[in-house]
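Single-structure report; data block below.
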Amino acid sequence: MAFEIEFSEDAERHVRQLSVRNRKVVLDAIEQQLAHQPTTPTRNRKLLRSNPFATWELRVQDYRVFYNVEEDRVVVVIVAVGEKQGNKLYVDGEEFKL
């Protein structure tokens, strides 16, 4: 059973800000990693500590995709896409702390 993938307005904006090449890399990874078993932890997918933002994180090179899973609707909701630079995470050009 495949999960439908939805993007929040913020996440859509974050993806549009990426270069065409990086956008393709991130969107391909989302499709491959999250359409099936999005709640199974892997090397690039992890459950986050409790926070009001997102439940899960997907690592894609220097990018982080934050998402929630609505199992009853079989939907993955992408809430944000950020870029990791060193040990800092930037979302929408601003340093972000989970």
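The values are calculated or read from the model by the stated rules, or taken from the named source; none is laboratory data. Quick caveat: nothing in here was measured; it's all calculated off a predicted structure. Don't worry about glycine lacking a Cβ; one is built from the backbone with ideal geometry, like all the others, and counts go over all protein chains shown.
Can you say whether F53 is within 16 Å of L89 (Cβ to Cβ) and touching a Ser or Thr at 6+ places or on another chain (Cβ under 9 Å), as far as the supplied structure shows?
No.
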- Message: So, in region 73-87, how many residues would count as being of a type in the set (K, R) and closer than 16 Å to Q61 by Cβ?
- Response: 1
- Task: Out of V15, V74, report the one residue that is at positive phi, of a type in the set (A, V, I, L, M, F, W, C) and modelled with pLDDT of 95 or more.
- Result: V74
- Message: Condition (residue is of a type in the set (V, I, T), under 21 Å from E94 (Cα atoms) and in contact with a strand residue (DSSP E or B) (Cβ under 7 Å, 6 or more places away or on another chain)) applied to region 30-49: is it met by at least one residue?
- Response: no
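Where in the chain are there strands (runs of 3 or more DSSP E), lying wholly inside it, with at least 3 residues that are in contact (Cβ under 8 Å) with a residue 60 or more places away in the chain? Break it down into steps so the answer makes sense when it comes.
Working: elements: 4-7, 45-47, 56-60, 63-70, 75-85, 88-91, 94-96.
Because the criterion is at least 3 residues that are in contact (Cβ under 8 Å) with a residue 60 or more places away in the chain, the strands (runs of 3 or more DSSP E) in the chain that meet it are 4-7, 75-85.
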- Note on the structure: Considering residues that are in contact with a Ser or Thr (Cβ under 8 Å, 6 or more places away or on another chain), hydrophobic (A, V, I, L, M, F, W, C) and more than 11 Å from E9 (Cα to Cα), the number found within region 68-84 is 1
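Taking region 28-73 as the region of interest, how many residues are of a type in the set (A, V, I, L, M) and in contact with a helix residue (DSSP H, G or I) (Cβ under 7 Å, 6 or more places away or on another chain)? Spell out how you get there, then give the answer.
If we filter region 28-73 for residues that are of a type in the set (A, V, I, L, M), which is where we start, we get 29-30, 34-35, 47-48, 54, 58, 60, 65, 69.
The next check asks that each one be in contact with a helix residue (DSSP H, G or I) (Cβ under 7 Å, 6 or more places away or on another chain); those that pass are 58, 60, 65.
Qualifying residue count for the region: 3.
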- Message: Being in contact with an Asp or Glu (Cβ under 8 Å, 6 or more places away or on another chain) and at pLDDT 95 or above: is that true of A80 here?
- Response: yes
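Of the residues G82, G93, which single one is surrounded by fewer than 16 Cβ atoms within 10 Å (Cβ to Cβ) and not acidic (D, E)?
Matching residue, one of G82, G93: G93.
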